[in-house]
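Let me begin by presenting the structure, written as structure tokens, before commenting on it.
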Amino acid sequence: MKTHLLLIVAILIVSCTQKTEKEYYSHEVSEKISKELIQQFSHKYYPLPPPPISHSGIYMKVKGDSICKTDILNLHYVYSSLHSNAEKGTLEDFIYNAINQKTIFDSGLYFYPNECFTLTDSITQYYNRYSFDSFLDRYCKKQPDDTYHFKNNMEKEMPTISYYLYLNDYDVNQDCVSGYHIIHKSVF
């Protein structure tokens, strides 16, 4: 009887501690992005202006523990440059896997190497240990218009902080006039 009870407890512990893959962005988001891209590139002779979502920063995992910042148009370029249909799959699935960090890309597919970085350990540890609200308060200051700016002297840490903001549905854009980085809820 004790053996059965211990076996049941062990099974419960193992089943409760198995990791599940996190979904940062839903299938609806990847569907919306793929529809906008298909519409954008379907006008062969009179291309449409890029949709607003196309310039939103996204982050891709790259071999070698690197993260690369890109945008939707570049992600579409990466998708188009894949040679086999097995690699491609549907555009929607490709985007879903990319924005949810489920695909690790070959660094040769990425053409903005200055936008690649490795995560700063101390920031990653803080992010994993505390709530996102605490993370946001530690590294960003709230503005009256419900946007945020990075706190002072964060230049070296900004790529890692921006990555974790992205994972929590925030977008970071630089204001050309003021020079500030404006952090707001994502357009996704």
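The values are calculated or read from the model by the stated rules, or taken from the named source; none is laboratory data. Keep in mind it's a predicted model, so treat the numbers as computed, not measured. Cβ sites come from the backbone with ideal geometry, for glycine too, and all protein chains shown count toward neighbours. With ligands, DNA and RNA removed, areas are computed over all heavy atoms of the protein, side chains included. Shrake-Rupley method; radii C 1.70, N 1.55, O 1.52, S 1.80 Å.
For segment 22-80, the candidate set comprises residues that are touching an Asp or Glu at 6+ places or on another chain (Cβ under 8 Å) and in a loop (DSSP other than H, G, I, E, B); within that set, the residue that is modelled with the lowest pLDDT is P51. Every test in (1) hydroxyl-bearing (S, T, Y); (2) without any contact (Cβ under 8 Å) to a residue 12 or more places away in the chain; (3) under 26 Å from K32 (Cβ atoms) is passed by S186 save one, and that test is (2).
Checking segment 160-175 against the condition returns no match, with no residue being modelled with pLDDT of 80 or more, farther than 25 Å from K22 by Cβ and surrounded by fewer than 14 Cβ atoms within 10 Å (Cβ to Cβ). Considering only residues in segment 138-159 that are open to solvent by 100 Å² or more (accessible area, probe 1.4 Å) and under 28 Å from S26 (Cβ atoms), the one that is farthest from the chain's Cα centre (by Cα) turns out to be D145. Checking every residue in segment 91-113 against the condition of being modelled with pLDDT under 80, among the polar types (S, T, N, Q) and out of contact with any strand residue (DSSP E or B) (no Cβ under 8 Å at 6 or more places or on another chain) gives zero matches.
Applying a threshold of 7 Å to beta carbon distances and a minimum spacing of six or more residues, or different chains, the list of pairs starting in segment 33-58 at a residue that is closer than 28 Å to I161 by Cβ and open to solvent by 60 Å² or more (accessible area, probe 1.4 Å) and ending at one that is at pLDDT below 80 and not in a loop (DSSP other than H, G, I, E, B) reads P50/Q40. In the set (1) modelled with pLDDT of 85 or more; (2) farther than 11 Å from M60 by Cβ; (3) surrounded by 15 or more Cβ atoms within 10 Å (Cβ to Cβ), the condition left unmet by F132 is number (3).
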